[in-house]
């Protein structure tokens, strides 16, 4: 796994995580406890972990996270979609809290005229399905990998946030 650091005053991580992907992206990730700093601000924007987008980002499916109403040891998983440049929130079939320090897997892939996002918890090498989101949408080719992004309104991050990510495919 590679540790990606979003520095205070930045929106994107170091090192930068981007590149081309096929019609399937699989990645494992661990949210560091530094993500808990999101509870220090009233803003409840959706922060992105990773996903697939078209060349210009106007159509995409990404795994995002948001704060819960009360500070806890985790964040709510959110299927974050851009469809023709408009933000749309997909719906997971189960409400899922991602806890800090646990390993998760996300698979985003194309199936005919829709994209699917599956979220798993990885326990001892076994992937346990937590939630699924299917959404009819088009993401134009070439597909690109879209990495972590902290969004506090339109401002850069107020905190130093760490995420471990391993791109599988």
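Pop the C-beta distance of residue 40 and residue 89 into the FRET formula with R0 = 25 Å and round what comes out to the nearest 0.05. Display every interim value, and only then the final one.
Working: r = 23 Å, r/R0 = 0.93.
Between residue 40 and residue 89 the formula returns 0.60.
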Roughly speaking, what is the stretch gain from residue 20 to residue 164, that is 0.36 nm per residue apart minus the C-alpha to C-alpha distance, in nm to one decimal? 49.9 nm
Over all directions, average the projected area of the Cα convex hull of segment 2-85 and note it in nm². 6.4 nm²
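Using a 10 Å cut-off around each Cβ, can you sort 97, 165, 150 from fewest to most neighbouring Cβ atoms? Walk me through the numbers on the way to the answer.
Details: 97 13, 165 19, 150 24.
Lowest to highest Cβ neighbour count: 97, 165, 150.
With a 10 Å Cβ neighbour count serving as the proxy for reagent exposure, in which order, fewest first, do 41, 93, 54 appear?
Working: 41 14, 93 11, 54 17.
If I rank by nearby Cβ atoms, fewest first, I get 93, 41, 54.
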With 0.36 nm assigned to each residue of separation and the Cα-Cα distance removed, residue 97 to residue 33 gains 21.7 nm
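For the chain, what is Rg from Cα atoms divided by 2.2 N^0.38 Å, rounded to two decimals? Don't skip to the answer; put the middle values down first.
Working: Rg = 14.7 Å, N = 169, 2.2 N^0.38 = 15.5 Å.
Here the answer is 0.95, to two decimals.
We did not get these values from a lab; they are worked out from the coordinates using the rules stated. These figures come from a predicted structure and were not determined experimentally. Ideal geometry is used to build each Cβ from the backbone, glycine not excepted, and the neighbour counts take in all protein chains shown.
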